[in-house]
Amino acid sequence: MLPTDLLIHRYNGETVIPKRLAIAPENLAIARELIAEFQQAQGRTHGELNRQLQALEGESTDYRIKRGLAHLLLSDAFSRFETVSPLDPLVLRQRVFALSAQQAAGTVATQTTLQGLADRLSQELGQEVLPDQIRSGLYADLTENQIFTSFEAPTPEALLHRYNLSQVQGVFYRASHITLNAHRNDPGEYKLLFRYLKLFRLMTYIEGDADHGFTLTIDGPTSLFKPNTHYGLKLAMLLPALLHVTKWSLTATLQHRDTYSGQARSGRFTLNADCGLVTHYPPGKTYDSMLEAGFVDRWSKAKTEWQLEREVDLIPIPGSVMIPDFRLVHPDGRTYLLEIVGYWRPEYLQKKFSQVRQSGRDDLILAISERLNLEKAGVKVSDIPAKVVWFKDQLLPKAVLEQLH
């Protein structure tokens, strides 16, 4: 995605309109030139590539567009930079400075030569170290000195699509809340959308059902007690997932400060399934959070007959829906549903535990982070109608297995 200083938008009244580039010859030419520059820069340093990109911008009035496209190409999605040094640069600096101090003791400092340091270091390591390797490797861990080792070039069209998507994603950095209506979709699309909501840990209230559609109210980063940049990025990351859903529309309420007056200003943004944006997320595939991924890995190593299943059906509850994170299945037919409750604000916790009560399930296990302030949320553990497992930084299979019988 793009940083705030590279976002371009205009206002039509209170409506925010992000910048989009047409898939036209002039824009394709810019994208093609930048991609070619990256292809030719492989083997150079990050600093050399940046200087070449600055030269490419020149005095052109569209420098922010070029800089935005280059920023996307510099991301991990396309480019890889590596530290190249005969030793870890920190260790290399320590050894070189120590050897330099020894050689300089009692002598004029200028007599300490790079060749002498290379000879001493070669003896210590048991392999030849050249002066040029010391020179290039001493501060190789600095970003500007890292080597551009590989580049997965997108097509010019794909780069422009990614740019347009990123400009729209940037709108959600300033959202106070979003209302999303999804209607008459395939049940599998609903399930995919809800899984991404869980993946990104977005504070969402869901109403409706699969037959008539769902209305989702999603809290934005500016609705929190303190604006949260990390949460804003997570919210923006939902958009490429939403593009896999066939029928939807959304309205976002925005809060930000005017660049010139410094006054708070509200805005509005709307989008629907006919927006023409192109997603780069693979269809039908979501990725576990680090917490869930770690739990899956540890479960695979646990000695138990219980099987852990990732795909769990929707649990309808009055006016909403639940999708537990996992299903636990025993060979004798017993099953349990496992829901992981991480960090949420008090109102969300109240809603979550209300859903648990309304589900009427007696086979639900809640794994609750000890970092949650349930007392502040007005929740008593004794009032939770489910088995409860507590965890700190990671959820352990042993704790869950102890709840099964």
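The values are calculated or read from the model by the stated rules, or taken from the named source; none is laboratory data. This is a predicted model, so every value here is computed, not measured. Neighbour counts are summed over all protein chains in view; Cβ atoms, including those assigned to glycine, are modelled from backbone coordinates with ideal geometry.
Return yes or no: is Val329 at pLDDT below 90, assigned by TED's automatic domain parsing to the domain that holds Leu396 and either among the β-branched types (Val, Ile, Thr) or in contact with a strand residue (DSSP E or B) (Cβ under 9 Å, 6 or more places away or on another chain) (or both)?
no
I'm trying to understand the selection: among the residues of the stretch 199-212, which are touching a helix residue (DSSP H, G or I) at 6+ places or on another chain (Cβ under 9 Å) and either part of a strand (DSSP E or B) or touching a residue at least 40 places away in the same chain (Cβ under 8 Å) (or both)? Selection gives Leu199, Arg201, Met203, Thr204, Tyr205, Ile206, Ala210. With respect to (1) in contact with a Pro (Cβ under 7 Å, 6 or more places away or on another chain); (2) farther than 30 Å from Gln42 by Cα, the lone exception for Leu165 is condition (2). Checked against (1) loosely packed, with under 13 Cβ neighbours inside 10 Å; (2) in a loop (DSSP other than H, G, I, E, B); (3) at pLDDT 85 or above, Leu404 passes all but a single condition, namely (1).
Among the residues of the stretch 335-352, is any at pLDDT 80 or above and part of a loop (DSSP other than H, G, I, E, B)? Scanning the stretch 335-352, I find no residue that is at pLDDT 80 or above and part of a loop (DSSP other than H, G, I, E, B), so the answer is no.
With respect to the numbered conditions (1) exposed (fewer than 14 other Cβ atoms within 10 Å of the Cβ); (2) touching a helix residue (DSSP H, G or I) at 6+ places or on another chain (Cβ under 6 Å); (3) hydroxyl-bearing (Ser, Thr, Tyr); (4) at pLDDT below 75, which one is the sole condition not fulfilled by Thr107? Only one criterion is unmet by Thr107, namely (2).
Of the residues making up the stretch 266-287, those that are surrounded by fewer than 15 Cβ atoms within 10 Å (Cβ to Cβ) and at pLDDT below 90 are Ser266, Pro282, Pro283, Gly284, Lys285, Tyr287. Of all residues in the stretch 163-214, those satisfying the criterion of being under 16 Å from the mean Cα position of the chain (by Cα), farther than 29 Å from Ser266 by Cβ and among the charged types (D, E, K, R) are Arg195, Lys198. With respect to the stated conditions, Leu74 is modelled with pLDDT of 95 or more and out of contact with any helix residue (DSSP H, G or I) (no Cβ under 6 Å at 6 or more places or on another chain).
Considering each of Ala36, Ala22, Ala55 in turn, give the residue that is aliphatic (A, V, I, L, M), within 21 Å of Val278 (Cα to Cα) and either loosely packed, with under 13 Cβ neighbours inside 10 Å or touching a residue at least 60 places away in the same chain (Cβ under 8 Å) (or both).
Details: Ala36 fails: within 21 Å of Val278 (Cα to Cα); Ala55 fails: within 21 Å of Val278 (Cα to Cα).
It is Ala22.
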